[in-house]
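Step one of this worksheet: look at the structure below.
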Amino acid sequence: MIKSNTKLEGADRRRFFRIDDDINLYYNVIDAKLVNHASHIKPNILGSCSLSKALDMLTQEAKSTLRRIETKEPEIAEYFKVLNNKMDLIAQAIMLQMSDFVEQKTRNVNLSASGLAFDNDAALNLNDYLEINMVLSSLAAVIVLHAKVVYCKPNTDLQPGKLPYLIGVDYVNIQEQDREALIQHIVRRQMQQIRESKEAVQSGTSH
C-alpha cells in the first residue's frame with residue numbers, strides 16, 4: 001500500500017515540472033459549455049502551422065543531436081546536412097505552389113502538465129475559458145485542450161519581442177494520455193536545454 005502511494009506521489013510530482021520554451025500556440029475564447037469536450041492530439045501538424053515552420057521546428061530539435069554526431073562522425077553529419085538542404089528545397093518548391101497556409105505566432109511560454117503561462121498582446125478576463133492549440137515540436141503533433149484563465153497581469157519582462165500581458169491558465173478536462181504527451185515533451189525539452197547549456201559552456205572554455 002505504501003509503495004502504491006509513493007508511486008502515485010511521483011506521478012503527481014511530474015505534473016508540476018516546468019520549462020520555459022518557445023512554442024507555436026494560438027487560442028480562442030470559448031463558452032464554458034464547450035469545456036466538456038475532452039482534450040485531444042492532432043497528428044496533422046501542418047493544419048496548425050506552415051510547412052516551413054514545421055520543418056524549422058524539427059531542425060531546431062535535431063541541432064544538438066547533429067552536433068554530437070559531427071564530433072564523432074563528421075562525414076555522417078555532413079551527409080545529414082545535405083539531406084536537410086534537400087528538404088528545404090523541396091519545402092520551398094511546395095510553398096511556391098500553395099496560395100495560403102496557416103502561420104501562427106511563436107510565443108514564450110512556461111509549460112507544465114497542469115497548466116501554462118504565455119505572453120499575449122491583449123488582456124484576458126479572469127475565469128475566461130480558452131481552447132488552446134499547441135504545436136509540440138518534439139512529438140511532431142498538435143495538442144488541443146481547454147483551459148481556464150487564473151491570472152492576467154502586465155508582463156514585467158521588457159526584453160525585445162515580449163508581449164505586454166502574461167496569461168496564466170489551468171487545464172480543464174484534459175485526458176491522461178494528453179497529459180502524458182505534455183510530460184514527454186517537457187522531459188525531452190529539458191534534456192535538450194541541458195545539453196545545449198553544457199555545449200555552450202564547453203564551447204566557451206575551448207576558446
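Just so it is clear, none of the values below were taken in a lab; they were calculated from the coordinates. Here the structure is a predicted model, which means the values were calculated and not measured. Note: ideal-geometry Cβ built from the backbone for every residue, glycine included; neighbour counts use all protein chains shown.
When each of His185, His37 is scored by the number of other beta-carbon atoms lying within 10 Å, the sequence from fewest to most is His37, His185.
Quick one: which of 156-162, 119-125, 187-193, 21-27 comes out on top by average Cβ neighbours within 10 Å, and what's the full order, highest first?
On the way: 156-162: 8.3, 119-125: 12.9, 187-193: 15.4, 21-27: 19.1.
With the highest mean Cβ count within 10 Å placed first, the list reads 21-27, 187-193, 119-125, 156-162.
Distant-in-sequence amide contacts of Ile30, defined by a placed amide H-H separation under 5 Å and a gap of 5 or more residues or a different chain, comprise Tyr129, Leu130, Glu131. Taking 0.36 nm per residue of sequence separation and removing the Cα-Cα distance, the Asn125/Glu180 pair yields an extension gain of 16.9 nm. The 3J(HN,Hα) values that the Karplus relation (6.51, -1.76, 1.60; θ = phi - 60°) gives for segment 179-187 are, in residue order, 5, 5, 5, 4, 4, 4, 5, 4, 5 Hz. Gly and Pro appear as x. Taken as Cα centroids, segment 105-127 and segment 137-207 sit 10 Å apart, rounded to the nearest whole angstrom.
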